[in-house]
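Laboratory data are not the source of any read-out in this text; all were calculated from the coordinates shown. These numbers were taken from a predicted model, which means no experiment stands behind them. In this analysis, Cβ positions are derived from the backbone assuming ideal geometry, glycine residues included, and neighbour counts consider all displayed protein chains.
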Amino acid sequence: MIREFLVYDENEAGHTLKMDDAQLCVCSDDKQKKLSPKEYRFLAALAERVNEVVSREKLIAQAEDAPSGMDSRIVDVYMLRLRKKLGVNCIQTVVGSGYRLSGVFKDE
């Protein structure tokens with residue numbers, strides 16, 4: 001399944017983000033980005049709830065192979081990596097609550 005989003009950075013500029021679940025690949029503004037499987041799962045968890053806050057605990061639970069009791073601060077590391085790799089700061093930190101992917105799902 002390919003999902004396409006129009007995501008917004010801190011300047012509210014629109015960027016295209018495409019996720020291919022079959023190939024586990026991401027394109028940001030038509031440039032393919034290499035993500036680890038776990039990074040992809042974290043991004044997919046955010047993409048399932050665009051513009052909704054997702055708690056660290058829910059992100060860890062959706063990362064599938066995460067061992068129980070994993071430190072929730074590890075999510076911060078993955079969000080930092082995702083922001084750098086995507087080249088678009090479309091992942092917002094909601095202090096005390098979690099993270100949100102800022103954007104709009106595009107129907108094809």
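What's the extension gain from VAL95 to VAL77 if we count 0.36 nm per residue and subtract their Cα-Cα distance?
Working it through step by step, the gained length comes to 5.0 nm.
Report the normalised scattering of the chain as log10 I(q)/I(0) at q = 0.10, 0.24 Å⁻¹, calculated by the Debye formula with identical scatterers on the alpha carbons.
-0.25, -1.50
For a quick check, take a GNM of the chain with Cα springs below 10 Å and name the residue from ILE60, ILE74, ILE91 with the largest mean-square fluctuation.
Answer for the Gaussian network model of the chain: ILE74.
Give me Rg over Rh for the stretch 5-66, both radii from the alpha carbons and Rh done the Kirkwood way, two decimal places.
0.98
What ranking, highest mean first, results for peptides 78-89, 47-58 when packing means the other Cβ atoms within 10 Å averaged over each residue?
78-89, 47-58
As a check on your grasp of the helix formula, calculate [θ] at 222 nm for the chain: sum -39500 (n - 2.57) over DSSP H runs of n ≥ 4, divide by the residue count, round to the nearest 500.
Taking each H run of at least 4 residues, the total per residue is -8500 deg cm²/dmol.
Relative to the longest principal Cα axis of the chain, at what angle does helix 37-47 sit, 0 to 90 degrees, rounded to 10?
Result, in degrees: 70.
Relative to the longest principal axis of the C-alpha atoms of the chain, give the angle of the C-alpha long axis of helix 74-86, reported between 0 and 90° and rounded to the nearest 10°.
10 degrees
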